[in-house]
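Just below is one structure, and these are the notes that go with it.
The values are calculated or read from the model by the stated rules, or taken from the named source; none is laboratory data. The shown structure was predicted, so the numbers you read here are calculated from the model rather than taken from an experiment. Note that we place each Cβ from the backbone using ideal geometry, even for glycine, and neighbour counts take in every protein chain shown.
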Amino acid sequence: MNGPMDTILSLALLSILFSFASSRLPGLIKVLAFQGVVVSIVPLFAGHHLSIGSLVFTLTTLVIRGFAIPLCIYMVIKKVSIAREVEPIVGYHASILAGLLLIVGATWAGHRFDLPVNTNSQLLPPTAISLLGAGMFLLMARRNAIAMVLGYIMMENGIYLVGTTFSMRALHIVEFGILLDVLAGVMIMAVMLQNIKQTFDDVDTARLRTLKE
């Protein structure tokens, strides 16, 4: 058992439930920023020796995941003047119940598959699976384009933990490349959302069905 790391991973699991219960986009962004910080510091408590380069990559990942990306999204919602999410496909109470079932199912699957954990924390695989599933759930259960982007970012957090689960070798280089792609995607999303807002006066993705070729 790894006490500090298990505590950090428990906070990541709690952030899933908070994100499912949040109806306001600024609150959801804050939860994702907190989750990004928590996930980024996992390698520091994994029990492996980190070189100076690895430590720099870890801190850079923390800054991008926990501050740069959330700040970009927060600036977007301020620019398009949207603070509250449109009515979701799945209600918030049902989402919390789904989150609890997801965490329980991920815990069962993480131990059932007997994954080769690279640390002494058995909570790492369930947390990685939970974040992947939670990100997919936000993509399917929310109609607001910004909330869907946040679900994609949560999936990326899960992918990062999956890499931490199996190997620490070359993890930071691969993750840094993914983060740059995510950051570029967020910037592109900002331009697209501004255009959607100007056209439909909303960011409800259901309105995109009215577009004609």
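Things worth noting here:
- Segment 23-47: number of residues that are free of Cβ contacts under 8 Å to residues at least 24 places away in the same chain and either farther than 25 Å from CYS72 by Cα or buried (at least 17 other Cβ atoms within 10 Å of the Cβ) (or both): 2
- Check on ILE82, at pLDDT 80 or above and either farther than 26 Å from SER121 by Cβ or not in a loop (DSSP other than H, G, I, E, B) (or both): no
- Scope segment 48-68; condition touching a residue at least 60 places away in the same chain (Cβ under 8 Å) and either under 24 Å from LEU138 (Cα atoms) or of a type in the set (Asp, Glu) (or both); matching residues: THR61, ILE64, ARG65, ALA68
- Index of the failed condition, LEU50 passing every other in (1) closer than 19 Å to GLU156 by Cβ; (2) at pLDDT below 85: (1)
- The number of residues in segment 122-154 being of a type in the set (Phe, Trp, Tyr) and at pLDDT 85 or above comes to 1.
- Per this entry, THR61 is not counted among residues that are more than 18 Å from ILE96 (Cα to Cα), loosely packed, with under 15 Cβ neighbours inside 10 Å and not hydrophobic (A, V, I, L, M, F, W, C).
- Of all the criteria given as (1) in a helix (DSSP H, G or I); (2) modelled with pLDDT under 90, the one not satisfied by VAL90 is (1).
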